[in-house]
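The values are calculated or read from the model by the stated rules, or taken from the named source; none is laboratory data. Just so it is clear, the structure is predicted and the values come from calculations on it, not from any experiment. Every residue, glycine as well, gets a Cβ built from its backbone with ideal geometry; the counts of neighbours run over all protein chains shown.
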C-alpha cells in the first residue's frame, strides 16, 4: 500500500487524492471491496472513471485524520437499509413483492429472481430489488415470528 497519500475533502464532500511522486491531484471515490464480509479491509480509492488508484489494506491502521476522512466518505456513499420486519412477501407471476419495515422507514419493493436474495456466511442475507437497491436482512433467528414465517416461503 502506498502510505504517502492525502485525501482532501472539498466543501461539497468530494475527495481529491494527492500522492507523493505524483504531480497531479485527482478527484476520487472511496469504495469497499468486501462491504459485507470485511468492510474495513481492502478499501479501494478509484478515479472518476472507476480505475483503482490505491488499495488500503486496513483502514484502522491509518492515521486518525486519514481514517476519519475515509470512514465519512464510506458512510455518505453507502446506503443499505436494514430490514427489521417483513410485513408481507407475496409471490406472484414469477416475482416477489415485499412490504417491510427498515431502519430507514417502511419500504415496498419487488424482487425479480430468487437469486437476488443471497445468503451471507454469517447468516444474514442481502436482498436486491428490481431497481438495483440493496437491503440487509438479519439472520432468520433475529427476526420476529411473523417475519420468519414470511421468509420461510423464500429460503
The lone condition residue 116 fails out of (1) within 30 Å of residue 4 (Cβ to Cβ); (2) free of Cβ contacts under 8 Å to residues at least 24 places away in the same chain is (1)
Expected single match for buried (at least 16 other Cβ atoms within 10 Å of the Cβ), farther than 13 Å from residue 135 by Cβ and at pLDDT 85 or above among 61, 73, 107 is 73
Within the stretch 138-152, can one find any residue that is more than 16 Å from residue 87 (Cβ to Cβ) and part of a loop (DSSP other than H, G, I, E, B)?
yes
Residue 118 vs (1) at pLDDT 85 or above; (2) over 18 Å from the mean Cα position of the chain (by Cα); (3) in a strand (DSSP E or B): all pass except (2)
Going by the structure shown, is residue 98 in a strand (DSSP E or B) and closer than 27 Å to residue 123 by Cα? yes
